[in-house]
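Student: One structure is given below, represented as C-alpha cells, and several questions about it will come after.
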Amino acid sequence: MVGGGTDPRHIVFEGIDGSGKMTQSKLLSEALGRAGAHASVYSYPDYKSEYGRIILEDFLYGKRKFLVEELLMLYLADISKDKQRVLGDLAGGNTVIMDRYFLSTVAYQTSGGFDYDSAREVVGQLELPVPNVIFYIDVQPELSFERKNKQKSNNPDKFEKDKLYLNKVRGIYERMMSDKYPEGSRWVKIDGRKGIDEIHQIVVKELGL
Ligand code: ADP
C-alpha cells in the first residue's frame, strides 16, 4: 500500500514546463490524504532555498550567464540538501511525491551541453534515494507554451530557440527511459494532452490506489 510502513513509495513527476507536474502532484497528494496516507511533496527548483534563489533570480531572470557545469551543480545542490529529510520520510513510512528530481537535471543540463554519461556519473556519486515510479508527462513545446507562457510565444525567435531546446530535453527523457535509468525505477510515460482527471486516473491506477 502506498504510504504504508512496510512499502513506502517514492513517486516522481517529470516533464517540461506546463506538462502538469504540479497539478498531478497535488491531486495525488490529496488522493493519498483521503486514503489516510501521509505524503510529503517536494518541488524543484525549491525557490525558498539559497540555491533556488540563485536559479530563479540570477539564472532564470537572466541576471548573468551560467556555465552548464555551474547549473548542473546548482540544481543538484538544491536537490541534495533534502536528501536526509527524504530518507527520513521514506523510513518513517511516508509517501514522497516530487515535482521534478535529478532526472530533470540530467535532461536539461545534457540538453545544455553537459555529457549525458558524465551527468549520470555525477548524480550517481550523490547516492540520492532512487524513486520507485517516474511519471513522465510528455507534451510538445507548443502546448507547454500555450499553457504556461503565452506572452513569451509572442516572440517567434525566442519560441523557436526554446522549442529546439525543449525537444532536446524530451529526447533525453526518452533516452533515460529506454536506458531504464536509474536502476530500480519504473517509468510510466503519459500523453500530457489528456485531461487533468484522465491523467490522475492513470496515476492512481498505476499506483494501485
Ligand atoms: P508544470 O508543473 O508541469 O509546469 P502545471 O501543473 O503547473 O505544470 O500546469 C500548468 C498549467 O496547465 C496550469 O494552468 C494547469 O491548470 C494546466 N494543466 C495542467 N495539466 C493539464 C492538462 N492535462 N490539460 C489541460 N491543462 C492542464
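Student: Given the structure, is Lys158 modelled with pLDDT under 95, away from the ligand (no atom under 14 Å from the Cβ) and either assigned to a helix (DSSP H, G or I) or open to solvent by 70 Å² or more (accessible area, probe 1.4 Å) (or both)?
Tutor: When the stated conditions are applied, Lys158 passes them.
Student: For region 15-56, give me each residue that is within 16 Å of the ligand (Cβ to nearest atom), open to solvent by 10 Å² or more (accessible area, probe 1.4 Å) and among the polar types (S, T, N, Q).
Tutor: Listed by number, the residues that qualify are Thr23, Ser29, Ser43.
Student: What residue, among those in region 140-155 that are open to solvent by less than 100 Å² (accessible area, probe 1.4 Å) and modelled with pLDDT under 70, is nearest to the ligand (Cβ to nearest atom)?
Tutor: The residue in question is Asn149.
Student: Which numbered condition in (1) open to solvent by 10 Å² or more (accessible area, probe 1.4 Å); (2) in contact with a Gly (Cβ under 7 Å, 6 or more places away or on another chain) is the only one that Gly93 fails?
Tutor: Condition (1) is where Gly93 drops out.
Student: Another one. Return the only residue of Leu126, Leu209 being open to solvent by less than 70 Å² (accessible area, probe 1.4 Å) and out of contact with any Cys (no Cβ under 9 Å at 6 or more places or on another chain).
Tutor: Values: Leu209 fails: open to solvent by less than 70 Å² (accessible area, probe 1.4 Å).
Checking each option against the conditions leaves just Leu126.
Student: With the requirement that a residue be assigned to a strand (DSSP E or B) and within 16 Å of the ligand (Cβ to nearest atom), what does region 122-139 give you?
Tutor: Ile134, Phe135, Tyr136, Ile137, Asp138 - these are the residues of region 122-139 that are assigned to a strand (DSSP E or B) and within 16 Å of the ligand (Cβ to nearest atom).
Student: For Tyr181, indicate whether it is within 19 Å of Leu128 (Cα to Cα) and within 16 Å of the ligand (Cβ to nearest atom).
Tutor: No, not satisfied.
Student: Suppose we keep only residues that are part of a strand (DSSP E or B) and surrounded by 15 or more Cβ atoms within 10 Å (Cβ to Cβ) within region 189-206. Which one would you say is nearest to the ligand (Cβ to nearest atom)?
Tutor: Going through region 189-206, the residues part of a strand (DSSP E or B) turn out to be 189-191.
This time we only want the ones that are surrounded by 15 or more Cβ atoms within 10 Å (Cβ to Cβ), so: 189-190.
On the way: Lys189: 14, Ile190: 9 Å.
Of everything passing the filter in region 189-206, Ile190 is nearest to the ligand (Cβ to nearest atom).
Student: Could you run through region 120-138 and say how many residues are in contact with a strand residue (DSSP E or B) (Cβ under 8 Å, 6 or more places away or on another chain) and among the aliphatic types (A, V, I, L, M)?
Tutor: Looking only at that region, the number is 4.
Student: Next question. Within the set of pairs 6 or more residues apart or between chains, which connect a residue that is closer than 16 Å to Gly93 by Cα inside region 18-39 to a residue that is open to solvent by 50 Å² or more (accessible area, probe 1.4 Å) and within 15 Å of the ligand (Cβ to nearest atom) with Cβ atoms less than 6 Å apart?
Tutor: Going by the 6 Å Cβ cut-off, the qualifying pairs are Ser29/Val41.
Student: On to the next question. Scan region 77-117 for residues that are of a type in the set (Ser, Thr, Tyr) and away from the ligand (no atom under 16 Å from the Cβ) and jot them down.
Tutor: Selection gives Ser80, Thr95, Thr110, Ser111, Tyr116.
Student: Condition check: open to solvent by 20 Å² or more (accessible area, probe 1.4 Å), assigned to a helix (DSSP H, G or I), more than 19 Å from Val12 (Cα to Cα) and out of contact with any strand residue (DSSP E or B) (no Cβ under 8 Å at 6 or more places or on another chain). Does Phe114 satisfy that?
Tutor: It is false that Phe114 is open to solvent by 20 Å² or more (accessible area, probe 1.4 Å), assigned to a helix (DSSP H, G or I), more than 19 Å from Val12 (Cα to Cα) and out of contact with any strand residue (DSSP E or B) (no Cβ under 8 Å at 6 or more places or on another chain).
The values are calculated or read from the model by the stated rules, or taken from the named source; none is laboratory data. These numbers were taken from a predicted model, which means no experiment stands behind them. Glycine gets a Cβ as well: all are built from the backbone with ideal geometry, and neighbour counts include every protein chain shown. Keep in mind that these areas ignore ligands, DNA and RNA; they rest on the heavy atoms of the full protein, side chains included. Shrake-Rupley method; radii C 1.70, N 1.55, O 1.52, S 1.80 Å.
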